[in-house]
Number of protein chains: 2
Amino acid sequence: MASRTPPSTADRAARTSASARAAGEKPRRRLSVDERREQLIAVALELFSRRPPEEVSIDDIAAAAGASRPLVYHYFPGKQALYEESLRRAGQELSARFEEPLVGPLSERLHRVMGRYLDFVQSHGPGFAALLRGGSVAASADTTAVIDEVRRAAQEQILTHLAIPAPSIGLRLTVRAWIANAEITSLEWLADRSVPLEELQLHLVQEFVAALTLTAAREPALAGELASFLADEHPDGPTGRLVRDLAGLFAVPGIVEAVTVLAAGGPDDGATQAAGAAQAAGAAQAAEAAGAAAE
Amino acid sequence: MASRTPPSTADRAARTSASARAAGEKPRRRLSVDERREQLIAVALELFSRRPPEEVSIDDIAAAAGASRPLVYHYFPGKQALYEESLRRAGQELSARFEEPLVGPLSERLHRVMGRYLDFVQSHGPGFAALLRGGSVAASADTTAVIDEVRRAAQEQILTHLAIPAPSIGLRLTVRAWIANAEITSLEWLADRSVPLEELQLHLVQEFVAALTLTAAREPALAGELASFLADEHPDGPTGRLVRDLAGLFAVPGIVEAVTVLAAGGPDDGATQAAGAAQAAGAAQAAEAAGAAAE
């Protein structure tokens, strides 16, 4: 997991103005119109990232920016407009974190992206969680559009990395469902922070690999792509660790036997029965070896 | 997939009043206060299930119920109240569909539940989709509470069927994330209806089985539960089909080789290397057999 991002513009702006006020000084120079607008957005983003919108007032924003209430209203018609602008900036920042060079094993690229995503969740999530959970007082057609745009950007980034020319509906749905998984998982994490973020990061990547494998098992056209993907992976990366965790299950009493029966197919299905039996023999051998290796 | 549910009370009420009006008749008898309230809710539920709330007016509801606009207002303060009551009823109906006897293979129970769930999505989803997608004009703290209650009911039902005494945080999260997957998958399906609903039904169940397997691979305490679960499954059920689909991947050139390298672990890891090599030998054998069986 990457460490927290360095203090944002808003942090610095808020601190500068706070210390200026504490010392009874005026800010050194007037900000230009553009600078002031940017400063107000940065301060609002910082506050809205930490607290739900109903707990942030225009007065809070004005105070943190070292500005007057009328000055804030001069730039923005009200709190909702500032909230939506903050959310748009947060969305842009989040989308930028999905960008990753098309280099190296896929699961390691995704692992780095998820590190940046979860870092964002940790620092900006508390305030925006209500919006994602639904029922936020600040929800609107505009906020939904911003969130959908981030989801769309995430989906397109992933499809770009998969480098599959014409992704099937099934594959697009797999990616979209995994994004929903990442969202809900990070929202649940924000509520209780019960596991280290590094674990979520690894698990989400492994769940993506598993979802991709399942999709390839259903869509023969994807199986070759899965083979290339697996060939590029490193044993010490998320996929390698997943493969070994799954192989470990074969050492658990009863699992090989149950999988054997399932792989054999229905009682009248000779062909799959043969395949299943062979598969089971392989699994049994793997289980034996895993047991021996563990000793 | 189950066929569409029989015409609802609202359908019948709407048709009766429409034909009564067409014939210039008065309804045969006055409805009691309770009956009228229930009738208005049933009619509203029917309309709100088909169209987003902004496309349903109090006049539409009054007309469909064969009632006057003032009469509707006599029972409900406004459209939002009727919408929320309709959603509550829809939520109750949906939660009731999750109930399933604790009998038979787990994946087949879930398959039946998903059949009823997707049937509900097909008949009620079009109107409530905007709410789940976020940004609906009708979203409120109350609508969010109703939706969360349905999700909670789904999660508890699944955990009851898993029959694991004290489900870990990881397992609860797996179930919650899978519910999010089911939601987003059915919302995407509503938007384009591009695949047969039976496919979604099977895939969602198989994704649950895969998610459970992944969780067990991470949590040794769950591996025994996974073994019992697998032992109860039928070869012709969703899990059996999943096992054979996944086994089929081993016949794809390159996959066995890649998995072998990953299973072998890091270059200095002798023990896992041995396990990995054995695993690979088994996989190769399975691939050979699968290939032979396919001929």
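Structure notes:
- Figure note: B:HIS203, A:HIS74 ranked by solvent-accessible area, largest first, 1.4 Å probe, ligands and nucleic acids not counted: A:HIS74, B:HIS203.
- Peptide A:213-220 is shielded by partner chain Cβ atoms: per residue, an average of 6 of them sit within 10 Å of its Cβ.
- Neighbour cut-off at most 14 other Cβ (10 Å), DSSP loop, trypsin sites (Lys or Arg not before Pro), the range B:62-109: none
- Accessible carbon and sulfur surface of the range A:160-260 relative to its total accessible area, %, 1.4 Å: 59 percent
- The figure for B:SER95 is an accessible area of roughly 30 square angstrom, using a 1.4 Å probe on the protein chains alone.
- P(r) tail fraction, the range B:18-133 - alpha-carbon pairs more than 18 Å apart, %: 57 percent
- Kirkwood hydrodynamic radius over Cα pairs of the range B:44-84, then Stokes diffusion coefficient at 4 °C and 1.567 mPa s, in µm²/s: 129 µm²/s
- Extension gain, B:ARG51 back to B:ALA145 (0.36 nm per residue minus Cα-Cα distance, nm): 31.7 nm
- Accessible area buried at the A-B interface, both sides summed, 1.4 Å probe (Å², nearest 100): 5200 Å²
- For the range B:120-180, the Cβ-based charge dipole about the Cα centre amounts to some 180 debye (Lys, Arg positive; Asp, Glu negative; other atoms uncharged).
- Stokes-Einstein diffusion of the range B:66-132 at 10 °C, 1.306 mPa s viscosity, Kirkwood radius from Cα pairs, rounded to a whole number: 112 µm²/s.
- Centre-to-centre, using Cα atoms only, the range B:208-252 and the range A:190-212 are separated by 20 Å.
- The Cα atoms of the range A:126-222 define a convex hull whose projected area, averaged across directions, is 7.2 nm².
- Here the contact order of the range B:84-155, divided by its residue count and restricted to Cα pairs under 8 Å and six or more residues apart, works out to 48 percent.
- Diffusion coefficient (Stokes-Einstein, Kirkwood radius over C-alpha pairs, 10 °C, 1.306 mPa s) for the range B:87-182: 111 µm²/s, rounded to a whole number.
- Efficiency of FRET between A:ASP192 and B:SER228 - r from beta-carbon atoms, R0 35 angstrom, step 0.05: 0.75
- Derived scalar couplings between HN and Hα for the range A:157-172 equal 4, 5, 5, 4, 5, 5, 6, 9, x, 10, x, 5, 4, x, 5, 4 Hz in order, rounded to whole Hz, by the Karplus curve 6.51 cos²θ - 1.76 cosθ + 1.60 (θ = phi - 60°), x for Gly and Pro.
- Ascending list, in nanometres, of distances separating the B:GLY104 label from those of the other copies (7 Å, Cα toward Cβ): 4.8
- Here B:VAL113 sits with roughly 20 square angstrom of accessible surface, probe radius 1.4 Å.
- Per residue accessible area in Å² of the range B:112-249, where ligands, DNA and RNA are left out and the probe is 1.4 Å: 37 Å²
- Comparing each chain alone with all protein chains together (probe 1.4 Å, DNA, RNA and ligands left out), the residues of the range A:130-148 losing at least 30 Å² of accessible area are A:GLY135, A:THR144.
The values are calculated or read from the model by the stated rules, or taken from the named source; none is laboratory data. Computed from a predicted model, the values in this text were never measured in an experiment. Counting neighbours? That spans all protein chains shown, and the Cβs are built from the backbone with ideal geometry, glycine included. Surface accessibility is based on the protein's heavy atoms, side chains included, excluding ligands, DNA and RNA. Shrake-Rupley method; radii C 1.70, N 1.55, O 1.52, S 1.80 Å.
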